[in-house]
Amino acid sequence: MDYYRKSTLGKCLTDALDELVSNGTITPDLAVRVILQFDKSLVEALETKVKSKTNFKGHLHTYRFCESLWTFILTDAVFQTDGEVQMVDKVKIVAADTKLISR
């Protein structure tokens, strides 16, 4: 699955790969292999390296379940991680079952 390609990091990687393919530095096949490895590596890193837990609450503005993804839009949300509190006016949370992400 390509959930993380829409993140800032994923977009930057895709842009860089597109530029490298366009100027002939790498082949399109190599670019595809790099982005597939990015997908696998990011999932693995999140599963094994991230130890923090975050609690959040807010007003549920919108929710949707489509193509095995939950999307929640919260307003006036409060996030608490390791004693640090962060308040945001509006946040979009996309959640997927990691068992569905192919390796």
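Scoring 8-16, 74-82 by mean Cβ neighbours within 10 Å over their residues and listing the highest first yields 74-82, 8-16. Taking label positions 7 Å along the Cα-Cβ direction at both residue 45 and residue 7, the computed distance is 0.7 nm, reported to one decimal. Average accessible surface for the chain: 79 Å² per residue, computed with a 1.4 Å probe over protein heavy atoms with every protein chain in place. Expressed as a whole percent, the proportion of Cα-Cα pairs in the chain lying more than 19 Å apart is 59%.
In terms of its C-alpha gyration tensor, the range 44-103 comes out oblate, because a/c is 1.5 or above while a/b does not outweigh b/c. Taking 0.36 nm per residue of separation and subtracting the current Cα-Cα distance, fully stretching the chain between residue 62 and residue 78 would add 4.1 nm. Computed from phi, the 3J(HN,Hα) profile of the range 75-84 under the Karplus parametrisation 6.51, -1.76, 1.60 (θ = phi - 60°) reads 10, 6, 8, 10, 10, 10, 10, 6, x, 8 Hz, with x in place of Gly and Pro. Over the residues of the chain, the helix contribution to mean residue ellipticity at 222 nm works out to -12000 deg cm²/dmol, using -39500 (n - 2.57) for each DSSP H run of at least 4. Protein heavy-atom surface of the chain, 1.4 angstrom probe: 56% of the accessible area is carbon and sulfur, with nucleic acids and ligands not counted.
The values are calculated or read from the model by the stated rules, or taken from the named source; none is laboratory data. Computed from a prediction, not measured in an experiment: that's the story for all the values here. Positions of Cβ are backbone-derived with ideal geometry, glycine not excepted, and every protein chain shown enters the neighbour counts. The area values use the complete protein model at the heavy-atom level, side chains included, leaving out ligands, DNA and RNA. Shrake-Rupley method; radii C 1.70, N 1.55, O 1.52, S 1.80 Å.
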